[in-house]
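Below: the structure, in structure tokens.
The values are calculated or read from the model by the stated rules, or taken from the named source; none is laboratory data. Fair warning: this is a prediction, and the values are worked out from it, not measured in the lab. Cβ placement follows ideal geometry from the backbone for every residue including glycine, while neighbour counts extend to all protein chains displayed. These area figures cover heavy atoms from the full protein model, side chains too; ligands, DNA and RNA do not enter into them. Shrake-Rupley method; radii C 1.70, N 1.55, O 1.52, S 1.80 Å.
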Amino acid sequence: MNIPAPTRSVSLIERFRDRLPFSAGDPIVTLGEGSTPLVLAERLSERVGAEVHLKLEGLNPTGSFKDRGMTCAVSAALREGAQTVICASTGNTAASAAAYAAKAGLRGVVIIPDGKIATGKLAQALMHGARVIALRGNFDQALDLVRQLAERHPIALVNSVNEFRLQGQKTAAFELLDDLDGRLDALCIPVGNAGNITAYWKGFVEAGSAPRMLGFQAAGAAPIVNGAPVAEPETVASAIRIGNPARWEEAIDAMRASHGAIRAVTDDEILSAYRLLAATEGVFCEPASAASVAGLIKYGAEGAERVACVLTGHGLKDPDAALEQAGAVLPCEPQLRAIERAVLG
Ligand code: F0G
């Protein structure tokens, strides 16, 4: 069958090929990732006294920033002849790995902490046909196990310990600089396994830029802030419920080299930023993503004139968290009087 070239957006790898480890003949597994919107947050800007932009990474194909790294990790796995890709995940990496594996015709296996991932992410991983394994343990244990497994078997590990993941994720820094004409003073970003802050810093350095990297961990899962692993991390922001980040050292390097900081925000602060973004900026992100804005509100812009907050995942990923935070719906009888009362009252 002769399949015509589809009309489509350029894949992330093609768009940034000169800055990524892929050459012209390499297979590319793409779902149209990257090129996400950057939105000026007027009310937030007023509140913190700086020009604040929101990088909407939830608008990637599977609803999180993971797709930037996954297009690279899965394309490289295909190039190397892998048949199976595997990851440990708090949910988004699982959804992304499952989708890109499906697109590539590879087997996808994801290990998740039992009962601790958001509903939307679980639905995605299952729908994309991955084998979903619920570990009776936390993310850190899952990552430790998949690392051992990938050493023993010919399975491609697509967690952010995989260099291709960072290569793909660094492209968000390029996009930010493009959209802001190269001028950015500080980047606010949630920190879990610390792959993303590492990737952004890599991108900024490669582009000759050095905004302050301001990373935020959830207070109940803040190993880098505390300076010690957390054995039983706990937070409403399930995506960053991580007690022993794989990219810990690199995150510290990024923080020091950029004169930035990695600090903690409480669950209440995260949820308050989560509601604020949805209700006053029209942007629905997941709780972990709101940690970046919670941190900006808590600690202030600290002299930065132009700030970008990375909103890492879409709000629809975690409908349960949203419904717990949101107002109630109004029941109504199907009569004009009743609807008038409901609408105008
Ligand atoms: N925000 C969201 C929505 C995430 O899913 C993650 C990580 C982070 C922030 C933190 O990024 O780990 O690079 O520091 N999620 C991983 C996962 C751990 O398995 O989906 P990080």
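Things worth noting here:
- Among Gln83, Gln124, Gln167, the largest mean-square fluctuation in a Gaussian network model of the chain, built with springs joining Cα atoms closer than 10 Å, belongs to Gln83.
- Springs join every pair of Cα atoms under 10 Å in this Gaussian network model of the chain, and among Gly108, Gly195, Gly208 the largest mean-square fluctuation is at Gly208.
- Note on the stretch 1-136: the alpha carbon radius of gyration divided by the globular reference 2.2 N^0.38 Å gives 1.20.
- Proximal lysines relative to Lys202, as straight alpha-carbon distance under 20 Å, when same-chain residues fewer than 8 apart are discounted: Lys55, Lys66, Lys170
- The modelled label-to-label distance for the pair Asp253/Leu149, using points 7 Å beyond Cα in the direction of Cβ, is 2.8 nm.
- Apportionment of accessible area to carbon and sulfur, the stretch 250-325, percent (1.4 Å): 52 percent
- Quarter the surface of the alpha carbon convex hull of the stretch 46-91 and you get the mean projected area, 5.1 square nanometres.
- Antiparallel bridges, percent of DSSP beta bridges restricted to the chain (to nearest 5): 15 percent
- Given charges at beta-carbon only (K, R positive; D, E negative), |dipole| of the chain in Debye: 680 debye
- With eigenvalues of the C-alpha gyration tensor scaled by 5 and rooted, the chain, Å: 30, 25, 22
- A straight line joining the Cα centroids of the stretch 261-299 and the stretch 100-172 runs 26 Å.
- Paramagnetic label zone (point 7 Å from Cα along Cα-to-C-beta, Gln83; backbone N under 20 Å) in the stretch 150-172: 150-158
- Ordering 252-260, 13-21, 219-227 by mean Cβ neighbour count within 10 Å, with the highest value first, yields 219-227, 252-260, 13-21.
- Gyration tensor verdict on the stretch 66-163 (Cα atoms; rounded if a/c is under 1.5, prolate if a/b is larger than b/c, oblate otherwise): oblate
- The charge dipole of the stretch 66-163, taken about its Cα centre with unit charges on the Cβ atoms of Lys, Arg (+1), Asp and Glu (-1) only, comes to about 220 debye.
- Cα-Cα P(r), the stretch 235-345, percent of pairs per 10 Å interval: 12, 35, 27, 14, 7, 4, 1
- Accessible area per residue, Å², the stretch 66-163 with all protein chains present, probe 1.4 Å: 41 Å²
- Label sites at Arg19 and Ser35, each approximated as a point 7 angstrom past Cα along Cα to Cβ, lie 1.6 nm apart.
- By the rule of a C-alpha distance below 15 Å, with chain neighbours fewer than 8 residues away ignored, the aspartates and glutamates paired with Lys103 are Glu33, Asp67.
- FRET efficiency, Val343 to Glu232 (Cβ-Cβ, R0 51 Å, nearest 0.05): 0.60
- Protection-proxy order for peptides 171-178, 52-59, each taking the mean of Cβ atoms within 10 Å per residue, highest first: 52-59, 171-178
- Expressed as a whole percent, the accessible area of the stretch 1-126 that falls on carbon and sulfur atoms is 52 (1.4 Å probe).
- Between Arg275 and Val329, the modelled labels are 2.1 nm apart [label points 7 Å from Cα along Cα→Cβ].
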